[in-house]
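Please treat every number below as a calculation from the coordinates, not as lab data. Quantities reported herein were computed from a predicted structural model and do not represent experimental measurements. Note: ideal-geometry Cβ built from the backbone for every residue, glycine included; neighbour counts use all protein chains shown.
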């Protein structure tokens, strides 16, 4: 019965969070924890990452800007799931720090028992599932000023809680990343995410979705950013290359687009993997939006608001 509950909750999670490879991982919502700006670029963000959303992708990005920033975003997800992020970036002395929190809830999942004498599976009502992760991050510019100048580094620790019906599991993990500013136009990035403990609901424990990211950014002009990234989920044996671009009109309005490869387009449709979005900023205030089509499963809309001060 309990395994059935866990399976039902897993199936209710959004398609981009599925662990569809050879392994089984816990807390798949961590794969979808990104800001709308990053989502609008199909996740190709680890080498750009110059806002508080860096806490979800590459903590080294916090060293790329000086302002303090607070941001909040929310999503309408597939299967009636709801997801939201809160992030903050600040400074202390010559160092940068960040905070992030991610929430996901799925309600109205049908609970069923074992077959009765007539072979029917009785309904036992509904249950819900929820996930939460809290992240604390630290970053420093020029971590190796003599041996490798222009290398920024950062790390973070995160505390994760997942609940399915009346069962709860906990885990802890760490992220680490670097960004090498090769020249004013090119950034190179490397990050590892979700290196931590296993999550156990009952007898069996599953690992977190350990991910390696490698990305590059090319600033074609002060207004145009073009980025590429590869993300390898080790336990899931899933490989996601992505490309994205961001163009700013007069430094106040941005259009974004990208494509992430690796989805099952034969079943979900050729448009799966496409991302589109825009951003508006005026006097330190900003709004971001991202759109992801998922064929017959519906579409994902992500909205975000941020404040720099």
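Of note:
- Nearest 10 degrees, 0 to 90: helix 2-11 Cα axis against the chain principal axis: 40 degrees
- With all pairs of separate Cα atoms included, the chain yields a Kirkwood hydrodynamic radius of 19.9 Å.
- Each residue in 34, 132 was given a count of other beta-carbon atoms within 10 angstrom of its own, and listing them fewest first yields 132, 34.
- Working note: Cα gyration tensor of segment 154-227, eigenvalues times five, square-rooted, sorted largest first, giving semi-axes of 37, 12, 9 Å.
- Ranking of 134, 220, 55 by neighbouring Cβ atoms within 10 Å, starting from the fewest: 220, 134, 55.
- Rg and Dmax, both from the Cα atoms of segment 69-220 and both in Å, are 21.0, 76.
- Using only Cα coordinates, the Kirkwood hydrodynamic radius of segment 196-309 works out to 16.6 Å.
- A Förster radius of 22 Å, combined with the Cβ-Cβ distance separating residue 239 from residue 218, puts the computed FRET efficiency at roughly 0.50.
- Note on segment 200-252: percent of Cα-Cα distances in each 5 Å bin, starting at 0 and stopping at the bin with the largest distance, equals 5, 16, 18, 13, 12, 10, 9, 7, 5, 3, 2, 0.
- Residue exposure proxy: 179, 160, 186, ordered by other Cβ atoms within 10 angstrom of their Cβ from fewest to most, comes out as 186, 160, 179.
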